[in-house]
1. Find the relative contact order for the range 125-187 and round it to a whole percent, using C-alpha pairs within less than 8 Å whose residues are 6+ positions apart.
2. What FRET efficiency do you get for Lys262 and Leu127 if R0 is 22 Å and r is their Cβ-Cβ distance, rounded to the nearest 0.05?
3. In whole angstrom, how far apart do the alpha carbon centroids of the range 351-367 and the range 189-210 sit?
4. Using only the Cα atoms, what convex hull volume per residue in Å³ does the range 2-106 have?
5. Enter the per residue convex hull volume of the range 194-296, computed from alpha-carbon coordinates, in Å³ rounded to the nearest integer.
6. Using 0.36 nm times the number of residues separating Lys344 and Glu140, minus their current alpha carbon distance, what extension gain do you get?
7. What pairs from Lys243/Lys356; Lys243/Lys363; Lys141/Lys262; Lys122/Lys259; Lys243/Lys346 go past 19 Å between their alpha carbons?
8. In nanometres, what is the gap between the two model label sites at Ser117 and Met336, each 7 Å from Cα along Cα-to-Cβ?
Amino acid sequence: MNILILNSSELCYATQSIFKAGQKRGHKILVLDPAHFSPLISNIEAGYDRVYDLLPKTATRITIREIDAIVPRIGNNLNYNSYVVEHLSENLGIYSIQTASGLRAATNKFHTLQLCSRYGIKTPTTLYVKTVSNIDFIIEKVGGIPLILKYNYGSQGAGVMLMESRKSAISTIEGLIKNKADFIVQEYIESRGKDIRAVVTGDRVVVAYQRTVRKGDFRSNLSLGGSGELIKLSTDDEITCVKASKTIGLEVSGVDLIKDTKGITYLNEINSNFGFKGQKITGVDIGEHLIGYLENRELTGKTAQPKSPNYYYEQLRTQNRSLWNNLQFFIENRRMKELFESTKDKSISYKDILGKTILLKVKNIYDLYRIVFETFNVK
């Protein structure tokens, strides 16, 4: 395969890990800085959009014939660079392990939690704040003191503050709002100074490690001196990580979990440009797993041609027609009615499509429909 890594420096540790793993397995690896890319929107219909690399002095066109897969490793200038990724993947049809919308969502802490909450993933209580009209209300809604303040954009623990007194919380919130800072207020989860980083590729967690804060700090990031150790996640936690990553549009990501003193798991953040320092702690080669994931995808050597303007509409219409046909089958199926008569007021244990065990008491026939659709993927 021809694999394009989008990164501002080919000497970055994570980029080098992916580069070496790709070369070792016989792939051609190219590292380019997307900040020098210039997407072109053509005035000609039917797929004449282009992307040019303007470094060095002579402009070079990036084409679908040259690239089989894109691995974004974007840490700065994300807004512009995400639109470069979008142009390459959506307009030119080159496969990317991360969507542009996923990159933008991951860099926005509130939007990450907003999307995950929408799909039933447990997160700390979080408020997005723009007014000083009722700071007492804000403090109480996140469970009181202590609480966490976070800049909405930031990585490696930067811009994360622990407020341990009401006075400091009020003055800091007032100052942030006055200076028009973009920040969130979050419930403090007592985790005894530990959190979990899990690396997701596709439908699995390839490695997870527990991070512990250094003395005198409350942030566990390895970049801030935190320590770590290899751990094995529970099935439920693995499902949470994979579901969260896919929810925001990332096939490959670093998912951060935090557990309270009762063992309850919360999703904390999702990182598109996660660090590879965990390799040194765990001995797991993340670069090799990432390249292996690309190899195992059903690529035919070249990705699909750019999608037509009606592609998504036709796809939705087809899916809805398929879904309705399947619904009719179950609604009008006499066997379902007979099954309901024999299971009414009884409890049924089953596993949903994510592998989670559910115990459901059958009160009406719609409970049976629910079991069917939670057990099978309807395509």
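1. Numbers: 92 pairs, mean separation 31.9, N = 63.
Contact order relative to length: 51 percent.
2. Details: r = 23 Å, r/R0 = 1.05.
Result of the calculation: an efficiency of 0.45.
3. 28
4. Working: hull volume 11.2 nm³, N = 105.
Each residue corresponds to 106 Å³ of Cα convex hull volume.
5. Values: hull volume 9.8 nm³, N = 103.
Given the Cα convex hull of the range 194-296, per-residue volume reads 95 Å³.
6. 69.0 nm
7. Numbers: Lys243/Lys356 12 Å; Lys243/Lys363 29 Å; Lys141/Lys262 21 Å; Lys122/Lys259 11 Å; Lys243/Lys346 30 Å.
Distance filter (> 19 Å) returns Lys243/Lys363; Lys141/Lys262; Lys243/Lys346.
8. 3.4
FYI, it's all coordinate maths here, none of it is from the lab. The structure presented is a predicted model; accordingly, all values stated were derived computationally and were not measured. No Cβ is skipped: glycine too gets one built from the backbone with ideal geometry, and neighbour counts run over all protein chains shown.
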